[in-house]
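K.L.:
Sharing a structure, written as structure tokens. Questions coming.
The values are calculated or read from the model by the stated rules, or taken from the named source; none is laboratory data. Worth saying up front: this structure is predicted, and the values here are computed from it rather than measured. Note that each Cβ is placed from the backbone with ideal geometry, even for glycine, and that neighbours are counted across all protein chains shown. Note: accessible area is taken over every heavy atom of the protein model, side chains too, but ligands, DNA and RNA are not part of it. Shrake-Rupley method; radii C 1.70, N 1.55, O 1.52, S 1.80 Å.
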Amino acid sequence: QVQVAQSGGGAVHPGGSLRLSCSASVRTFSNYYIGWFRQAPGNEREFVACIRWSGSDTYYGDSVNGRFTISRDNARNTVYLQMNSLKPEDTAVYYCAGSSLFAGRSVGRYEFWGQGTQVTVSS
């Protein structure tokens, strides 16, 4: 079973920044597409970003495009989500997920999930 560890959440003021990390204990982490999703209370899980196994292609949800950056370090089996210019509406639990095939925005196509980390943006 894949072990996924997330870190980096917390509370920040509007306009602030946070960086989330996601590490997975898969043998060939570099072969996986990794996505980030978020879920606020009462809402469906929302696509945030995903990155191709090579790191050459990245995709973003409309609400975060231009403010968030996804990147990966395959040598460390880690994917990062740099979040800048945070807004109160970014408040949610953030999840990373992995798929051996391109899954994009499709929640159901991801094969493993992290436990989630809370991000709160408030003045």
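K.L.:
Pull the list of the chain cysteines that no other Cys approaches to under 4.7 Å, Cβ to Cβ.
P.N.:
That list is CYS50.
K.L.:
Next question. So, in Å, what gap is there between the alpha-carbon centers of the range 50-123 and the range 1-44?
P.N.:
Spelled out, the Cα-based centre of one part sits 6 Å from the other.
K.L.:
Separate question: Work out the FRET efficiency for ASP62 and GLN118 from their Cβ-Cβ distance, taking R0 = 25 Å, and round it to the nearest 0.05. Kindly include the intermediate steps, with their values, before the conclusion.
P.N.:
Numbers: r = 23 Å, r/R0 = 0.91.
With a Förster radius of 25 Å, E is 0.65.
K.L.:
Could you report the chain's accessible area per residue, 1.4 Å probe, as an integer in Å²?
P.N.:
Numbers: 6290 Å² over 123 residues.
Here the per-residue accessible area is 51 Å².
K.L.:
Subtracting the Cα-Cα distance from 0.36 nm times the residue separation, let me have the gained length for GLU44 to ALA5 in nm, one decimal. Please report the intermediate quantities before stating the final value.
P.N.:
Numbers: separation 39, 0.36 × 39 = 14.04 nm, distance 2.23 nm.
Residue separation times 0.36 nm, minus the Cα-Cα distance, leaves 11.8 nm.
K.L.:
Moving to a separate point now. Could you work out Rg/(2.2 N^0.38 Å) for the chain, with Rg from alpha carbons only?
P.N.:
Details: Rg = 13.3 Å, N = 123, 2.2 N^0.38 = 13.7 Å.
Normalised Cα radius of gyration, the chain: 0.97.
K.L.:
While we're on this one: Which percent of the accessible area of the range 81-123 is formed by carbon and sulfur heavy atoms (probe 1.4 angstrom)? Write down the numbers at each step before the final one.
P.N.:
On the way: 1000 of 2040 Å².
The computed percentage sits at 49.
K.L.:
Further question on the same structure: What's the carbon and sulfur percent of the range 18-70's accessible surface, probe 1.4 angstrom, rounded to a whole number? Intermediate values should be presented prior to the final figure.
P.N.:
On the way: 1040 of 2630 Å².
Here carbon and sulfur together make up 40 percent of the probe-accessible area.
K.L.:
Build a GNM of the chain with springs between Cα atoms under 10 Å: which of ALA103, ALA75, ALA40 gets the top mean-square fluctuation?
P.N.:
Looking only at ALA103, ALA75, ALA40, the biggest GNM fluctuation is shown by ALA75.
K.L.:
Output wanted: per-residue J couplings in Hz (rounded whole) for the range 106-118, from phi through Karplus 6.51 cos²θ - 1.76 cosθ + 1.60, θ = phi - 60°, x for Gly and Pro.
P.N.:
Running phi through 6.51 cos²θ - 1.76 cosθ + 1.60 with θ = phi - 60° gives 7, 4, x, 8, 7, 8, 9, 9, x, 7, x, 9, 7 Hz.
K.L.:
What number results when the radius of gyration of the range 8-74, computed over Cα atoms, is divided by 2.2 N^0.38 Å?
P.N.:
Working: Rg = 13.1 Å, N = 67, 2.2 N^0.38 = 10.9 Å.
This ratio for the range 8-74 stands at 1.21.
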